[in-house]
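Some notes on the structure that comes next.
Nothing in this text is a laboratory measurement; each read-out follows from the coordinates by a stated rule. For clarity, every value in this text was computed on a predicted model and none was experimentally measured. Glycine gets a Cβ as well: all are built from the backbone with ideal geometry, and neighbour counts include every protein chain shown.
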């Protein structure tokens, strides 16, 4: 196999996919390996991304900014053996006040900015993910990413 690809996988099972700020996410990481893997850690992360898409001159450009990331170690440094195993986890979502918001303007300038954004056809949205990773030094990490809804 080229560069160790397809030597394992992670199945990320969540108790649900719709959450409120501050709520605890519960789930299980099912690690499946074809051969032993020395790894720094098995971790689960909560990631929030702000995706901004702008249309101008008939062209579209998209920018993605990570505005929140929380890494949580599920299991530490060791040799992970085949066929793998199951690792339950619990991680807490942040309070809504911990997430930077797009600036809100309540003045004439703010109104003008909103008009310019509308005319330039700018669209911004938040995306939340639970990301699981087996961190393999000097190798390709084994990852799984699941999108969730946070409100």
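One chain, two ends: residue 140 and residue 26. Fully extended at 0.36 nm per residue, the span grows by 38.4 nm beyond their Cα-Cα distance. On the principal axes of its alpha-carbon atoms, region 12-87 has extents of 54, 30, 18 Å, going from largest to smallest. Computed from the C-beta positions of residue 61 and residue 17, the FRET efficiency with R₀ = 30 Å rounds to 0.55.
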